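The structure appears below as structure tokens.
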Amino acid sequence: MKKILIVATVPSMIGQFNMSNIKILQDMQYKVEVACNFKDKTVWDERRISELKEILNLKRVQFYQIDFIRSAFDIPRHFKAYKQLKKLVHRKKYEIIHCHTPIAAMIARIVAHQEKIKIIYTAHGFHFFKGAPIKNWFLYYPVEKFLSKWTDCLITINKEDYHRAKRKFYAKRTKYIPGVGVDTKKFCKPAGEEALEIKKKKRMEFGLNIDDFVIVSVGELNENKNHQVIIKAIAKMKNKKIKYLICGQGELQQKLLYLIKEYNLEEQVFLLGFRNDIKEILWAGDLFAFPSRREGLGLAAIEAMAAGLPIITSNIHGINDYSVNSVTGYSCDSNNENCMKKAIEILMNNKKIYIKCSQNVSEIAKRFDVAKAERIMTKIYDEIKLVF
């Protein structure tokens, strides 16, 4: 039985984006193993990480601790992770490594090249893109371009990355896949009275009224997710009926709480932490906000679209693959709180535009359905398998 190692920096990348890949590979009779930094709790807490380990055990997927870190600049710790991964790969004799996230993928590709192992790299959004900070281009672009020479298959999840990689990089194969896929049927909102009852019940849980206009965001509390621009937009609107639910945890929690207090929004903006009921929260909402400064594609926004929520987003690569002004909602510069404010006001006050966008998002979300992503990934794994 051929062995494949899936590598990522943090456990959430395994749990959120690779469980489908594990199933595909096991169905193809691969022995699948996993390596990441299970000690990293910046995205998931200990309980969620423990749940992932239990699931991996049930699937008979062996997992290994590698001390990857997300920072690009801690060279001694990167070298430590490199030595750990190299030792593991040399001992286990994998035929393929499938790596994710920039730091883990950099180290994995160096190891794979040294050990003469086939390597697949899924880039969940390059840090360099049109409008990205110039430092990102100086830091990440040369590294990714060089390492593409050691990449048997480079998988991109948005069209800007795909076209740039196809033109500029050296990977043996470059593929486009519409994200890791969303189970659109799962997020599709029930009809009629059932939908209304779910909405009432969930809103009651958070102390919200049925006539409130509820905006939802889902994502790690960090600078990139940029929740603060929506908070500032809401502060400018001075409308007590607008409520903002933010699902996620992260290093920016205290800063966001301070901002909420500064603008006297304690009764309008709520940090809900990590949630297992995202689907129901989306069904209770009216609008989804996704103002990220960088996003490979944005699974959370597509889930919200599948639930029928119009979206207001930043106008950056990845998100631009599905966010279209006046079609799905509105997109703005990520730092333009006045544009975000205007977008919220239009969708809150113009019922005709709101209904049209709600209908459109449900259809557009189907382009990113998990079944489509799985078909493409199966074909990719098949192609790599044929080279043995």
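Quick look at the numbers
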{"read-out": "Cβ-based net charge around Ile107, under 14 Å, with every Lys or Arg adding one and every Asp or Glu removing one", "value": "+3"}
{"read-out": "Å² of accessible area per residue within segment 167-281, as computed with a 1.4 Å probe and no ligands counted", "value": "52 Å²"}
{"read-out": "Segment 125-206 - charge dipole about Cα centre, Lys and Arg +1 at Cβ, Asp and Glu -1, debye rounded to 20", "value": "320 debye"}
{"read-out": "Dipole-positive endmost among Phe63, Cys36, Tyr82 within segment 26-185 (Cβ charges, Cα centre)", "value": "Tyr82"}
{"read-out": "Cα-based helix-to-principal-axis angle, 370-385 vs the chain, degrees rounded to 10", "value": "10 degrees"}
{"read-out": "Å² of accessible area per residue within segment 20-121, as computed with a 1.4 Å probe and no ligands counted", "value": "48 Å²"}
{"read-out": "Cysteines in the chain that, by Cβ-Cβ distance, have no pairing candidate under 4.7 Å", "value": "Cys36, Cys99, Cys153, Cys188, Cys247, Cys357"}
{"read-out": "Helix-only [θ]222 nm of the chain, DSSP H runs n ≥ 4, -39500 (n - 2.57) each, per residue, nearest 500", "value": "-14500 deg cm²/dmol"}
{"read-out": "Nearest-20 debye value, segment 207-338 charge dipole, Cβ charges on Lys, Arg, Asp, Glu", "value": "280 debye"}
{"read-out": "Cα lying deepest toward the dipole's positive end in segment 249-324, options Asn320, Ala304, Leu272, charges on Cβ", "value": "Asn320"}
{"read-out": "Test item: Cα-centred dipole of segment 201-283, Lys/Arg +1 and Asp/Glu -1 on Cβ, debye", "value": "260 debye"}
{"read-out": "Relative contact order of segment 1-89, pairs being alpha-carbon contacts under 8 Å that are 6 or more residues apart, as %", "value": "30 percent"}
{"read-out": "Whole-percent carbon and sulfur share, accessible surface of the chain, 1.4 Å", "value": "53 percent"}
{"read-out": "³J(HN,Hα), Karplus 6.51/-1.76/1.60, whole Hz, each residue of segment 258-267, x for Gly, Pro", "value": "5, 5, 4, 5, 4, 8, 6, 10, 4, 9"}
{"read-out": "Peptides ranked, highest mean first, by Cβ atoms within 10 Å: ranges 36-48, 177-189", "value": "177-189, 36-48"}
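The values are calculated or read from the model by the stated rules, or taken from the named source; none is laboratory data. Not measured: the values here are computed from a predicted model. Cβ: placed from backbone, ideal geometry, glycine included. Neighbour counts: every protein chain shown. Accessible surface is based on the protein model in full, side chains and every heavy atom, while ligands, DNA and RNA are left aside. Shrake-Rupley method; radii C 1.70, N 1.55, O 1.52, S 1.80 Å.
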